[in-house]
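The values are calculated or read from the model by the stated rules, or taken from the named source; none is laboratory data. It should be emphasised that the depicted structure is a prediction, and the values quoted were computed from it without experimental measurement. Cβ: placed from backbone, ideal geometry, glycine included. Neighbour counts: every protein chain shown. Side chains are part of the model used for accessible areas, which takes the heavy atoms of the whole protein and leaves out ligands, DNA and RNA. Shrake-Rupley method; radii C 1.70, N 1.55, O 1.52, S 1.80 Å.
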Amino acid sequence: MRTDSSPGNLPAREHLPAGNAGTPVLDVVIPVYNEEKDLQPCVLRLHDHLARTFPYAFRITIADNASTDTTPQVAARLEAEMPEVTSFRLEQKGRGRALRTVWSASDAPILAYMDVDLSTDLNALLPLVAPLISGHSDLAIGSRLSRSSRVVRGAKREFISRTYNLILRGSLQARFSDAQCGFKAIRRDVAQVLLPLVEDSGWFFDTEMLVLAERAGLRIHEVPVDWVDDPDSTVHIVKTATDDLKGVWRVGRALATGSLSLDRLARPFGDDPRDRELDDVPKGLARQLVGFCVVGGLSTLFYLLLYSGFRSFTGSQIANALALLVSAVANTAANRRLTFGVRGRGGAVRHQAQGLVVFGIGLALTSGSLAALNAATSSPAHATELAVLIAANLAATVLRFLLFRAWVFPDRRDADAESAVVASHAPSSPTYSTALPHHQGHHQGQYQDQHQFQGQFQGQFQGQHPPLPQRPEASGAPYDTAQFRAGEAADRTWGDSTMQMQAVRPHDHDPRNAR
């Protein structure tokens, strides 16, 4: 699979249109477990902040992770008192499980979450979601490790946090600075394709989501935050750290073996509409040239070392053939993975066979050059032989790149991608409007089936509330005049914004997960 030139399942990012909205633009999820004391002050403070500062309609969703105290009653009371607040209950614990469940069923184009203790200053909320609304970024995270962040917490948690992020940088090559700050947001069209790839249902959920998004080339926006540690936090540091390290090993192994279909998350070339009008732009050519040159340079050094070694005990022609054969196999494997983004073992034997054909062409060029040199002089110097071989290899390298790109690793899905782009604009293509259909007012269609999750939700998502307030009260085209397109999600259960609430992964009901 090639990730650089495939249009994937994600369309170009679009700026959400401003105007009246029947559907919330932002859905803020608050996962809770036994938070009867902190839940109400948190929701009231967040609601007041959004009502005063956020220019779009919003929703606050309380995700109860099997609380055993009066948290469900507090959530129900808040839901009854404020039309912008809704809640539901899961019978299994796990922050990742709660986020995946709510985000999968939400109809808001921007999805966020924050911890119930509100350790992060809420003034960072609008800067967090603004790049997602504008179409600039795919995900946004709050960072406590940015130089301009102001953080108050103990030395122990500071050390653990920085050590964990160093581990991510060293093992998974993560470039984001803070994986576990409980202050994140994601575009819904990205979540629909990304979440099925995320396996963890606990605290490692955030890290896995960010690593996969980054490896797929999605844009992650970081916001410096002011953050004050909650001394009453119930997080079990040792168990969480152990589970996180297991998750790092699992994700690293999956990335190394190429078992993840990250090409589903590829964006088309250029998100600017002017770029999408260019039909004949060779997609990924610049990146492929850079990768091919790097691999080619290393292969040339490897070839010269092999040639010099073989030349010490055999003739020039045999030494050249052996060095080319060994380096050609390594070169094909490196270009397959690094230059053309082909993952997995599928087609590897065929690619190597085609690479050997390309090797034969290179062998003919270099052998012909040596034959010409030997015809010109009976005993050429070793330095002269190397110079001739370098020149011949440069010519063979150019030809090898053209053959690799056009024959060995072609983008076989160009035609399919072109038809998919056309189909995505057809009326039958699944689209996601930021306004509910008129016959589904009062959120009638949202979270329809109260018997999903084995009756866990007790009808929380049935039509119990009037439409959310429209913010701002300015004239302009409502959101339903512009469709918010989520693309062709790989999992067809994402097909409608009024889909029934259901488990994204079967193991989301695993009672052995203690968190």
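Take Ala353 and decide whether it is surrounded by 11 or more Cβ atoms within 10 Å (Cβ to Cβ) and modelled with pLDDT of 80 or more.
The answer is yes for Ala353.
Tell me, which residue of segment 295-335 that is part of a helix (DSSP H, G or I) and β-branched (Val, Ile, Thr) is nearest to Ala396 (Cα to Cα)?
Among those residues, the one meeting the criterion is Thr300.
Name, by its number, the condition in (1) without any contact (Cβ under 8 Å) to a residue 24 or more places away in the chain; (2) open to solvent by less than 10 Å² (accessible area, probe 1.4 Å) that does not hold for Asp48.
It is condition (2) that Asp48 fails.
Which one is farthest from Val294 (Cα to Cα) among residues in segment 337-346 that are open to solvent by 30 Å² or more (accessible area, probe 1.4 Å) and not aliphatic (A, V, I, L, M)?
Among those that are open to solvent by 30 Å² or more (accessible area, probe 1.4 Å) and not aliphatic (A, V, I, L, M), it is Gly346.
Within segment 339-384, how many residues are assigned to a loop (DSSP other than H, G, I, E, B) and of a type in the set (Phe, Trp, Tyr)?
So the answer is 1.
Among Asp178, Asp189, which is in contact with a Leu (Cβ under 9 Å, 6 or more places away or on another chain), assigned to a helix (DSSP H, G or I) and either open to solvent by 10 Å² or more (accessible area, probe 1.4 Å) or among the acidic types (Asp, Glu) (or both)?
Asp189
Which residues, taken from segment 391-408, are within 29 Å of the chain's Cα centre (by Cα) and within 15 Å of Ala328 (Cα to Cα)?
Phe404, Val408
Give the residues of segment 59-102 that are charged (D, E, K, R), touching a Phe, Trp or Tyr at 6+ places or on another chain (Cβ under 9 Å) and touching a residue at least 40 places away in the same chain (Cβ under 8 Å), sorted by residue number.
Residues satisfying the conditions are Glu84, Arg89, Glu91, Lys93, Arg95, Arg97, Arg100.
Give me a count of the residues in segment 52-76 that are part of a loop (DSSP other than H, G, I, E, B) and of a type outside the set (D, E, K, R).
8
Just a yes or no: is a residue in segment 152-167 at pLDDT 90 or above and either within 22 Å of the chain's Cα centre (by Cα) or surrounded by 14 or more Cβ atoms within 10 Å (Cβ to Cβ) (or both)?
no
Search segment 230-260 for residues being open to solvent by 30 Å² or more (accessible area, probe 1.4 Å) and closer than 14 Å to Gln173 by Cα, and hand back the single one that is modelled with the lowest pLDDT.
Result: Ala256.
Using the structure shown, decide if Ala108 is touching a helix residue (DSSP H, G or I) at 6+ places or on another chain (Cβ under 8 Å) and either part of a helix (DSSP H, G or I) or not aromatic (Phe, Trp, Tyr) (or both).
yes
Within the set of pairs 6 or more residues apart or between chains, which connect a residue that is on the phi < 0 side of the Ramachandran plot and at pLDDT 50 or above inside segment 397-418 to a residue that is of a type in the set (Val, Ile, Thr) and assigned to a loop (DSSP other than H, G, I, E, B) with Cβ atoms less than 9 Å apart?
Partner pairs satisfying both residue conditions: Phe409/Val342.
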